[in-house]
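A quick write-up on the structure given underneath.
The values are calculated or read from the model by the stated rules, or taken from the named source; none is laboratory data. Just so you know, these numbers come straight off a predicted model, no measurement behind them. Quick reminder, even Gly has a Cβ in these numbers, built from the backbone with ideal geometry, and neighbours come from all protein chains shown. Remember, those area values only see protein heavy atoms, side chains included, never the ligands or the DNA or RNA. Shrake-Rupley method; radii C 1.70, N 1.55, O 1.52, S 1.80 Å.
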Amino acid sequence: MMKKLSGARIVIEALIQENVKVIFGYPGGAVLPIYDELFKQNKIRHILVRHEQAAVHAAEGYARSTGKVGVVLVTSGPGATNTVTGLTDAMMDSVPVVCISGQVPTHMIGNDAFQEADIVGITRPCTKHNYLVKEISKLAESIHSAFHIAKNGRPGPVLVDIPKDIQTFETKYGGKKHTKSFAFYKPHTKPSFDTIVKFVNLLEKSKKPIFYVGGGVINSGSRASLYLKKLLKITGFPCTQTLMGLGATPTSDDQFIGMLGMHGTYEANLSMNKSDLMICIGARFDDRITGKVSGFSPKSKKVHLDIDASSFNKSVNVDLLIQGDLSKILEMTLKYIENKRISFSKEKISAWWIQINKWRAKNCLNYKNSKSIIKPQYALQRLDFLTKHLDPFITTEVGQHQMWAAQFLTFNKPKHWMTSGGLGTMGYGLPAAMGVQIAHPKDLVIDVAGEASILMNIQEMSTIKQYRLPVKIFILNNHYMGMVRQWQELLHGNRLSESYMDSLPDFVKLAESFGATGLRISKPGEMDDLIKEMIKIKGPVICDVVVDPKENCFPMIPSGSTHDQMLLGPNDKLEGEISEEGMVLV
């Protein structure tokens, strides 16, 4: 039934029609009409953050852990500009977010009015699409279109900028079904049959194959993960995953050979370098994965499966492109294999697995443990051992701790690992954990953090207190911006320029000031008790784990190097020849 409603009321009704349950936001003058309508209803829950960047990261955590669209509501000017980092993060990592921003009245746009900013212009490069609504009649269409664009095809953020007068004007609205068609965006989702036939033929011929799995598999939904798992079992091929793809298939599976890329495993990187068939599924050949592009998997036939055609041949030229929804591509592949009764000989790839297992035997994630000082790797190994039966949701900040978490934690389900990959946003983990906890109130949510990165959005402890969110923050405290220090040590003559944190807060007292529990340890023997205590406590906890300040994260492929030029430990150097197995010969 068509009713005449104000623009602000239409915003709320449209969100309800889109089945939105939670909004993360911060009010201000240019969105007060919308907040007034929020006050009058009880179908949408609003989470008041303490900074608009955190609102977007919280929406990202909510979206990535549920598969739904995350929603953000902010005011004009600084409220809107504060979202830019989060929107860029969501764009880089393909996270579906709809950000609704207030704007000065239409007649004041361009006059440098109070709290005016051209947020549509500012965010054009870092959103999938954006709107400036100048006519009340187009408001509902813009909001519903935003959701359609954000969640279909390759997911991403969409911004809708609404001037304050548009929020007060009235027009008729009869719900989503009666809104003008917004299906102008129609991504290509069904692959061509011919490409599936060519794909299977390549799978049959390969003797040294590798599946290279990215976050697109997780974005495609649970069916994509199930189909991929089945394809792996049918073929018997090894599988590596990107930072964003962890959990697409179980990382505890024998066919998983570790994460790929700059801090990936020896066996994953060498397998990529020596393979004869590289199958990229839902990844975009990021530079942290490829290393030196000219030396990336140099002897392989390359297949790229993705829904986003703009990723094809952008940095790495491939031999076969298959565009479509990954769940549909994988389903069609499995059906073709089944219909043609194709079987894959395990003997054909037995020599390949023998070689991979030799590389595995290097035990590249091994480290020298200590009885006197906590090694960060040990802390994460114990965290994994004592929590994995609870299937925790893990978020991270950005830095060494992030890479160690990716290396040492187990991810057997998709959507349980939330980290900032493409943009590498310090301060991501805490607000993302809030969003995950809002979506999964009874589950264990842990933010693995560094003492530098956690301070980027530490004000969100206030949000955690207000909404009684039992988020656990596990800080690996080495008193440095660890990854910066590592690069300075290895690549800049150990000149540690501005990477030491000499005025850190007392994290125990900080936790207590926000009504949380603070725990601190510095000895390895205290590790298990701390983790057990953290799990037992029902409310939020900050664990300050004092770790070895000199520990570096290995393996490591220095920027501009290839997969067979890994540094496996502190004694490795880039000078000298590279052996057949990829070891640096000093």
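Residues checked against (1) buried (at least 18 other Cβ atoms within 10 Å of the Cβ); (2) among the aliphatic types (A, V, I, L, M):
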{"site": "Thr127", "(1), (2)": "yes, no"}
{"site": "Lys134", "(1), (2)": "no, no"}
{"site": "Ile162", "(1), (2)": "yes, yes"}
{"site": "Lys172", "(1), (2)": "no, no"}
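For the stretch 346-365, indicate whether the set of residues that are modelled with pLDDT of 95 or more and in a strand (DSSP E or B) is non-empty. No.
Scanning the stretch 416-431 for residues being open to solvent by less than 10 Å² (accessible area, probe 1.4 Å) and among the small types (Gly, Ala, Ser) gives a total of 3.
In summary, helices (runs of 4 or more DSSP H) completely within the stretch 450-556 and bearing 1 or more residues that are within 19 Å of Gln381 (Cβ to Cβ), in contact with a strand residue (DSSP E or B) (Cβ under 7 Å, 6 or more places away or on another chain) and of a type in the set (D, E, K, R) occur at 527-536.
Screening the candidates Lys138, Lys134 for the property of being under 18 Å from Ile109 (Cβ atoms) and touching a Lys or Arg at 6+ places or on another chain (Cβ under 9 Å) yields one hit, Lys138. When the stretch 266-284 is filtered for residues that are over 23 Å from Ser65 (Cα atoms), open to solvent by 10 Å² or more (accessible area, probe 1.4 Å) and touching a strand residue (DSSP E or B) at 6+ places or on another chain (Cβ under 8 Å), the ones remaining, listed by number, are Glu267, Asp276.
Among the residues of the stretch 180-191, is there at least one that is among the small types (Gly, Ala, Ser), out of contact with any Pro (no Cβ under 6 Å at 6 or more places or on another chain) and more than 20 Å from Cys99 (Cα to Cα)? The answer is yes; a qualifying residue exists.
Output yes when any residue across the stretch 432-443 is under 18 Å from Phe385 (Cα atoms), touching a residue at least 12 places away in the same chain (Cβ under 8 Å) and open to solvent by 60 Å² or more (accessible area, probe 1.4 Å), and no when none is.
yes
I'd like the full set of residues that are touching an Asp or Glu at 6+ places or on another chain (Cβ under 6 Å) and either open to solvent by 20 Å² or more (accessible area, probe 1.4 Å) or free of Cβ contacts under 8 Å to residues at least 24 places away in the same chain (or both), limited to the stretch 63-103. The answer is Asn82, and nothing else. Here Val11 meets each of (1) within 22 Å of Tyr428 (Cβ to Cβ); (2) surrounded by 21 or more Cβ atoms within 10 Å (Cβ to Cβ) with one exception, condition (1). The set of residues in the stretch 393-415 that are assigned to a loop (DSSP other than H, G, I, E, B) and buried (at least 23 other Cβ atoms within 10 Å of the Cβ) comprises Glu397, Val398, Gly399, Leu409, Phe411, Pro414. Considering each residue of the stretch 107-114 in turn, none proves to be crowded, with 22+ Cβ neighbours inside 10 Å, β-branched (Val, Ile, Thr) and over 26 Å from Gly421 (Cβ atoms).
In the stretch 320-336, of all residues being in contact (Cβ under 8 Å) with a residue 40 or more places away in the chain and over 17 Å from Pro187 (Cα atoms), the one that is farthest from the chain's Cα centre (by Cα) corresponds to Tyr336. For the stretch 494-553, name all the residues that are more than 19 Å from Ser462 (Cβ to Cβ), without any contact (Cβ under 8 Å) to a residue 40 or more places away in the chain and of a type in the set (S, T, N, Q). Asn494, Ser497, Ser499, Ser503 - these are the residues of the stretch 494-553 that are more than 19 Å from Ser462 (Cβ to Cβ), without any contact (Cβ under 8 Å) to a residue 40 or more places away in the chain and of a type in the set (S, T, N, Q).
Inclusion of Asp112 among residues that are assigned by TED's automatic domain parsing to the domain that holds His51, of a type in the set (Asp, Glu) and assigned to a helix (DSSP H, G or I) is not warranted.
Within the stretch 497-509, being open to solvent by less than 30 Å² (accessible area, probe 1.4 Å) and either on the phi > 0 side of the Ramachandran plot or within 28 Å of the chain's Cα centre (by Cα) (or both) holds for Ser499, Phe507. Annotation note: Cβ proximity below 6 Å between a residue of the stretch 417-430 that is assigned by TED's automatic domain parsing to the domain that holds Phe474 and a residue that is among the small types (Gly, Ala, Ser) and part of a loop (DSSP other than H, G, I, E, B) (sequence gap 6+ or interchain) occurs for Trp417/Gly247; Tyr428/Ser420.
Total residues in the stretch 510-529 satisfying the condition of being open to solvent by less than 20 Å² (accessible area, probe 1.4 Å) and farther than 21 Å from Gln437 by Cα: the figure is 3.
Restricting Asn366, Asn317, Asn313, Asn339 to those that are without any contact (Cβ under 8 Å) to a residue 60 or more places away in the chain, among the polar types (S, T, N, Q) and not assigned by TED's automatic domain parsing to the domain that holds Ile234 reduces the list to Asn366.
Residues checked against (1) over 16 Å from Lys328 (Cα atoms); (2) aliphatic (A, V, I, L, M); (3) assigned by TED's automatic domain parsing to the domain that holds Ala90; (4) buried (at least 22 other Cβ atoms within 10 Å of the Cβ):
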site	(1), (2), (3), (4)
Ala140	yes, yes, yes, yes
Pro155	yes, no, yes, yes
Gln167	yes, no, yes, yes
His188	no, no, no, no
Gly221	no, no, no, no
Leu228	no, yes, no, yes
Pro238	yes, no, no, yes
Gly245	yes, no, no, yes
Asp254	yes, no, no, no
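Name the residue, out of Ile446, Ile458, that is open to solvent by 20 Å² or more (accessible area, probe 1.4 Å), assigned by TED's automatic domain parsing to the domain that holds Val541 and under 21 Å from the mean Cα position of the chain (by Cα).
Ile458
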